[in-house]
Structure formats: structure tokens, C-alpha cells
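As C-alpha cells, the structure follows; a few thoughts come after it.
The values are calculated or read from the model by the stated rules, or taken from the named source; none is laboratory data. Since this is a predicted model, take the numbers as computed values, not measurements. As a convention, Cβ positions derive from the backbone with ideal geometry for all residues, glycine included, and neighbour counts pool all protein chains shown. Side chains included, ligands, DNA and RNA excluded: accessible areas come from the protein's heavy atoms. Shrake-Rupley method; radii C 1.70, N 1.55, O 1.52, S 1.80 Å.
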Amino acid sequence: MYNDDRNLYHHSYNHGGSEPGQREILRAAPEGPEIPVREMKPSKKKRAGLKIAALALSCALLGGAAGGAAVWGFEHRPGSTEITQSSRPVTQVALHTVDGKTRLSDAEVYAANVNSVVSINTSVNAGYNYFGQPVENASAGSGFILTRDGYIVTNYHVVKNANTIKVNLYNGDAYDATFINGDEDYDIAVIKVEASDLQAVTLGDSSKLNVGDRVLAIGNPLGELTFSMTGGMVSCVDRAINVDGTPFNMIQTDASINPGNSGGPLFNEYGEVVGIVSAKYSASSNGTSAEGLGFAIPMNDVFAMIKDIMTNGYVTNKPYLGITPQNLTENMAAMYRYDISSGVFVCSVEDGSAAAKAGLQMGDVITKVDNTKITSVDDLNAAKKKYSAGDTSSLEIYRNGETINADITWGATPVENQAAAQQQQQQNQNQNNQNQPQNPYGNGYNPFEDFFRYFYGGNY
């Protein structure tokens, strides 16, 4: 407001009862008699100006509200810094009975079978240290419960020559297990715990697996991550591999397999055991690193043997041909003037054996078993693992420049042969023990014991 007396107009508010904001205009008058002041009413132009001002104010208010709403929407739009938390309830895993007909989710396979999987810890003699004290090596593996009364399946290499075998269940129960028997050629073993009403697995048909099928492994990786589950697909069926000189017919999978998983079950999508996890490749023969290469023994290949071990204490139906085999080399082929350079050369035939009954002769060369090509003894041993005693096959044989076929009924490995093989395995283990530091004092005597007895009275 201007208050300078030299200004033509002075603006002030009337406080005498007129409407708030009503103004009076006073004209400066010359000195003399007082001239009445006439009240000035707003003209129409001024009213129009007030309406415009009111409209502008309204627009400003509306604009401010709209702007505020826009800012609020920007700050609360999806993807901003506002945190959204789902209110979805926890999914309860249904506990299904494995019936071979119902396809289960991974979580349902685990829930249905984790109580049938066991972790296995063993101790094995490893000689003596330089103080004359016995040394034991500890190892760990996995297994699965086959019967409610305590028969458990695992790998032979998990429990081979073990002094003690400890079994732990998912619920925390622990048992001492007894080694029943096994077969190193097939890397299977059966152990037994004294228990009842255990939860047993359901076995499936491994021959129905296809490349690309979903498979799951539950086991004891690294010996400490107990009851872990890993998953993947079937990468190959009937994969022939060689493990420490022993040929195997395997299921190949990209499911994560680690030390400690050995002996554990491989499940299909129906929750059935279709394989025994047995090996992992971490590097090829030339040292190239590898990932996603796990292997499992097909259940169909060993189930009859497992039952045999449970019933008879050893494998009575292990297939047996009854020949002395040798790899046919190019030098041998040239010497005998053979038209082929690979296969299994028959050095001799046992009287009364399956080979003798099929008419095999010394000098024959086996080149095929059914539809499997045979180029070496390893190939023959791998092919033989697909059969049991009493099964029949067709052999393709090279003889005198001709190829002939011979039908054969596989025999059973003689008990004495199996006993001799087990004895040889024990001798090999004893030899390994001899390579360890031995008790330098002999016969278990240790002079340090006398020292401790003298000072501690034998209680130490």
C-alpha cells in the first residue's frame, strides 16, 4: 500500500462494518469547506476482473491438487522405491504314496523318500603310525533302505573292508550296520541294521528312462551336507564307462553328484528308485575339466543280484561264460591270417561251461553279443553285466574266415570263483595296509604304554 501524500490515490481498508475487502477512494481536495465524499461502487469491469482472478485461483488450486496427485502416483508407481511383500501363504508339501502312476513334484519326491535315505560313515584300517598306534581312515557315503526290517543298499566301494559301519537316518536315529556281502564288479553292496518298521523305497524300471527325463538324487555330499537333494535330466542311457579298470553300464545325468553321494538313490519323476549313484567325472583322461557328468548304476542291472545277496549271502546268478578271453590285436590277426583286427579271442573253453554248450572253440573271436558290438574284453564284461544266469543271448563269432551265430544260455559264476575273487580283494587290501607305516615295535607292543602306566597307573 502506498502512503506517500504526494500520490493521487491512497488505498485503505474500511473497518467500519462494510464487507471485508471493500475499498473507498478519497480524492485530495483543496483547502476550504469540506466536500462530502461519495462512495464508489465497483464497476462491471472490476467485477469481471474479480471473476477472472477467482477463476485463476480455482485453476491454481485444481492444478496444485492434480500436480500433487501426479507426484504421489510417480512415487508409488510399480518399480519405485516402495517395497511390496507377497502375502501368499506357505505351500504345504503333500505327502504322497509312491505308486508308480502319479507324477510328483520335486518337493513331493523329497518328502516321500527322505526318510528312506541314509548317510553312511565307515572306518578302515590304515596301518600304524610311527608311535605304534593303529591308524584308521574315515569315509562317508550314502544308501537307501530296501526293506522295512533293515536291509540297505549302497556301493561296494563305500563299505569295502570297513571295520565299522555307522548308519544315520533323517529323523536322527543311528545304527551300527553289518556288512552282508557285495560285488566289486558291479559296485553294489548290502548292509543290515537291526530295526523294524523302517520306511523302504519303491523300486522303478530303469529300462523306461529316456534321455531328457527328470531325475533327482538324495544323499550325503562331502560327507557332511546330509540329506541334500540335487536334480537334473537323464543325459544318456546305457553309457559305457570305465572306472579304475572296471567297465560299467551307466545312466548318465547332469544332476550334481559329489563325493559322499556314492551309494545313494537316483529317483525318477514318480519317486521310484531307478539307479544307484556311483561315480562322477571331474576331468577327462587328458586332464580337461568337466562339469555335469554324474553316473548311476541302472536298477534293472543289479536288482536280481541284490536279492541274491539278501537271500544267499552272495551272488549266485552272476553270469558266466566259461572262456579264457584275450583282446585280439593286429599282430595276432596277422599271425592267424584273420580278416578282422578287433574282438575277444577265445584262448580256451571250460568243459561243461555255457560257452562249451554253445559250441565255442579255441581260436574263435567274439565280435557281438546280441546287438552290442564287442571289440575288447572290457566290452564283453560290460555287455555281460546286462544279463543274469539263465538268460539267453546270441553271439556273433568269427571262425575260419566266416561269421557265424551261436545261441548261448549264460551260466552262473561258480562259488569257488567268487570266493577266490573275494580272497584276492582281501589280499590286495592287506598289501595296501603293508604299505602304510607299521608298528615298529611289533606284536602290538608299545614302550610308550609302559611310560604312561608308570606315571599314571595304567589309567590314561
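Of T226, T246, T230, T178, all but one fail to be among the polar types (S, T, N, Q), more than 17 Å from M310 (Cβ to Cβ) and over 22 Å from the mean Cα position of the chain (by Cα); the exception is T246. Quick check on region 233-244: of everything there that is touching a Pro at 6+ places or on another chain (Cβ under 9 Å) and open to solvent by 30 Å² or more (accessible area, probe 1.4 Å), which residue is modelled with the highest pLDDT? Here the residue is V237. Evaluate the following for F267: is it among the aromatic types (F, W, Y), closer than 22 Å to E184 by Cβ and touching a strand residue (DSSP E or B) at 6+ places or on another chain (Cβ under 9 Å)? Here the answer is no, as F267 does not meet what is asked.
Scanning region 253-269 for residues that are crowded, with 20+ Cβ neighbours inside 10 Å and in contact with a Ser or Thr (Cβ under 9 Å, 6 or more places away or on another chain) turns up T253, A255, I257, G260, N261, S262, G263, G264, P265, L266, N268. Residue check: G260 meets all listed conditions (1) touching a Pro at 6+ places or on another chain (Cβ under 6 Å); (2) in a strand (DSSP E or B) but one, namely (2). Against the test of being free of Cβ contacts under 8 Å to residues at least 24 places away in the same chain and under 26 Å from A240 (Cα atoms), the options T367, T413, T372, T403 yield a single qualifying residue, T372. A single member of T367, T392 is at pLDDT 95 or above, of a type in the set (S, T, N, Q) and within 21 Å of F303 (Cα to Cα), and it is T392. Report yes if G141 is farther than 20 Å from T226 by Cβ, open to solvent by less than 20 Å² (accessible area, probe 1.4 Å) and assigned to a strand (DSSP E or B), otherwise no. Taking the combined requirement at face value, the residue does not satisfy it.
Listed here are the strands (runs of 3 or more DSSP E) enclosed by region 174-232 that have at least 2 residues being open to solvent by less than 40 Å² (accessible area, probe 1.4 Å): 178-183, 188-192, 214-219. Per the listing V344, V365, V369, V349, the residue uniquely farther than 24 Å from D183 by Cβ and open to solvent by less than 10 Å² (accessible area, probe 1.4 Å) is V365.
Take the conditions (1) within 25 Å of T202 (Cβ to Cβ); (2) at pLDDT 85 or above; (3) not in a strand (DSSP E or B); H157 misses just one of them, which is (1). Looking only at region 317-337, decide whether some residue is open to solvent by less than 40 Å² (accessible area, probe 1.4 Å) and at positive phi. Yes, region 317-337 has at least one match. If the condition is being aliphatic (A, V, I, L, M) and surrounded by fewer than 22 Cβ atoms within 10 Å (Cβ to Cβ), then region 109-138 contributes A111, V114, V124, A126, V135, A138.
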